[in-house]
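Okay, structure first, notes after.
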Amino acid sequence: MSNSDHAYMARALELARKGLYSTHPNPRVGCVIVRDGKIVGDGWHAKAGEPHAEVHALRQAGDKARGATAYVTLEPCSHHGRTPPCADALIAAGITRVVAAMQDPNPEVAGRGLLRLMNAGIAVQGGVLEAEARALNAGFTKRMETGLPLVRVKLAMSLDGRTAMASGESQWITGPAARAAVQRLRARSSVVLSGADTLLADGARLTVRPDELGLGAELTALAQARPPLRVLIDGRLRVPLSAPFFQAGPALVATCAAATSRCRYQDDGHELLAIPGSSGHVDLRKLLLELAARGANEVLVEAGPKLAGAFSRLGLVDEYQLFVAPKFLGSSARPLLDLPLARMAEAPALKIVDMRAVGDDWRIVAVPDRAS
Ligand SMILES: Nc1nc(O)c(N)c(N[C@@H]2O[C@H](COP(=O)(O)O)[C@@H](O)[C@H]2O)n1
Ligand SMILES: [Zn+2]
């Protein structure tokens, strides 16, 4: 890999990141076309159903694409989805070299895009800034490879590790900067999910509020056009349809209660999904499989200690986002996770991958340490 390959791919990744809030169920992809040491075209994928990154870049390059190199953060596609194959478009435009950061994990592509380019006499190189490209599309990759979405659990806690007062009161532990960061976590997710206890306690709506995102006009508009699906897990259908969550727009309710109530929810524009479980608890793994089948790449769990603890105990969590506020909530306040552990050996091993100040609070990102 030359220094310039690295630099052009870094630029393509920068463009791909513009799709952070809007491409799902599709991946975030950027493309740069370079001829004689000059960028002659670039582009990024904004929204499923719209042109792929390569097509935007080729359109901008026009005739200058002939004899040029295309840098793409994901292998060019070879299939007819909502749009035609990009590999064919690159061949037709006379591109002579393609550098891809990673192979497309979509089984419909999975190496066939690169093969088609090679068969057309195009020089192909893979693996440039692969780790960065994988990180950007970790949810898409996990869904394609396992049939499950990436699960991110957001928790807000005091310095003494508490999340809510004994009464359930939990709003406004953290400050405005942390709340904006949570808004961006919601906006990048395909699904934002919570449980009945949380909604009954604090009246959460789980919406993306454009004025709190802190993004520019273009990305805010895209995020608004592609809001996450709001999902409530309510095994026994305890949350009334008059709750702010239901008043805020259409939602999906996962339950193990009998389907007799379906009409009540449908009449109000919501979907009731029966997921069998035990003792009034929805089977979380089955729910995640269903959400992935509907195209969910990233699921954000914003729940209380019981539901967040259940995701954790079942080994379904890929990432914890912990917002830590400079407060003590005291010993009668609620713990972070309902994790009944008896011995240190049972404590799940975690790796902290990022820690930074967010306004007056701190954000810690931790992932399961699967190696230990
Ligand atoms: N290489 C590439 N560039 C893009 O900009 C993309 N969005 C993709 N996506 C791949 O194609 C599938 C979606 O196809 P349609 O948008 O429905 O035509 C997606 O699953 C990826 O495999 N690839
Ligand atoms: Zn494509």
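The values are calculated or read from the model by the stated rules, or taken from the named source; none is laboratory data. Note that the coordinates shown come from a computational prediction; the quantities given were computed from them, not determined experimentally. So basically every Cβ, Gly included, is an ideal-geometry build from the backbone, and we count neighbours across all protein chains shown. Remember, those area values only see protein heavy atoms, side chains included, never the ligands or the DNA or RNA. Shrake-Rupley method; radii C 1.70, N 1.55, O 1.52, S 1.80 Å.
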Top-ranked residue in segment 86-102 [being closer than 18 Å to T23 by Cβ and within 12 Å of ligand 2 (Cβ to nearest atom); ranked as surrounded by the most Cβ atoms within 10 Å (Cβ to Cβ)] = C86
Cβ-Cβ under 8 Å pairs, at least 6 apart or on other chains, segment 81-105 side under 26 Å from L148 (Cα atoms), far side of a type in the set (S, T, N, Q) and assigned to a helix (DSSP H, G or I) = P105/T141
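Please verify whether T69 is more than 10 Å from ligand 1 (Cβ to nearest atom), assigned by the TED database to the domain that holds H24 and open to solvent by less than 30 Å² (accessible area, probe 1.4 Å), treating the condition exactly as stated. Please lay out each step first, then the result.
Details: more than 10 Å from ligand 1 (Cβ to nearest atom): yes; assigned by the TED database to the domain that holds H24: yes; open to solvent by less than 30 Å² (accessible area, probe 1.4 Å): yes.
Criteria met by T69.
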Which listed residue, of R209, R205, R186, is among the basic types (K, R) and open to solvent by less than 40 Å² (accessible area, probe 1.4 Å) | R186
Please go through segment 137-158 and pick out each residue that is within 16 Å of ligand 1 (Cβ to nearest atom), more than 17 Å from E75 (Cβ to Cβ) and over 13 Å from the mean Cα position of the chain (by Cα).
-> T146, G147
Given (1) open to solvent by 60 Å² or more (accessible area, probe 1.4 Å); (2) without any contact (Cβ under 8 Å) to a residue 40 or more places away in the chain; (3) not hydroxyl-bearing (S, T, Y), index of the condition R238 fails = (2)
Residues that are of a type in the set (K, R): which helices (runs of 4 or more DSSP H) entirely in segment 130-242 hold 3 or more of them?
-> 176-188
Would a scan of segment 147-164 turn up a residue that is within 29 Å of L20 (Cα to Cα), touching a Phe, Trp or Tyr at 6+ places or on another chain (Cβ under 6 Å) and outside the structural domain of C77 (by the TED database)?
-> yes
Name, by its number, the condition in (1) assigned to a loop (DSSP other than H, G, I, E, B); (2) within 11 Å of ligand 2 (Cβ to nearest atom) that does not hold for G67.
-> (2)
Long-range neighbours under 9 Å by Cβ, at least six apart or interchain, first residue without any contact (Cβ under 8 Å) to a residue 24 or more places away in the chain within segment 333-350, second of a type outside the set (A, V, I, L, M) and part of a loop (DSSP other than H, G, I, E, B) | L341/P348; A349/D369; A349/R370; A349/S372
Requiring at least 2 residues that are more than 15 Å from D234 (Cα to Cα) and open to solvent by 60 Å² or more (accessible area, probe 1.4 Å), the strands (runs of 3 or more DSSP E) wholly within segment 256-372 are 350-358
Taking segment 74-108 as the region of interest, how many residues are part of a loop (DSSP other than H, G, I, E, B), at pLDDT 95 or above, within 7 Å of ligand 1 (Cβ to nearest atom) and not acidic (D, E)?
-> 4
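Which residues, counting only those in segment 11-43, are open to solvent by 20 Å² or more (accessible area, probe 1.4 Å), under 25 Å from R294 (Cβ atoms) and away from ligand 2 (no atom under 12 Å from the Cβ)?
R17, K18, L20, Y21, P25
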Considering only residues that are more than 14 Å from ligand 1 (Cβ to nearest atom) and of a type in the set (A, V, I, L, M, F, W, C), look in segment 40-66 and name the one that is nearest to R226 (Cα to Cα).
-> A61
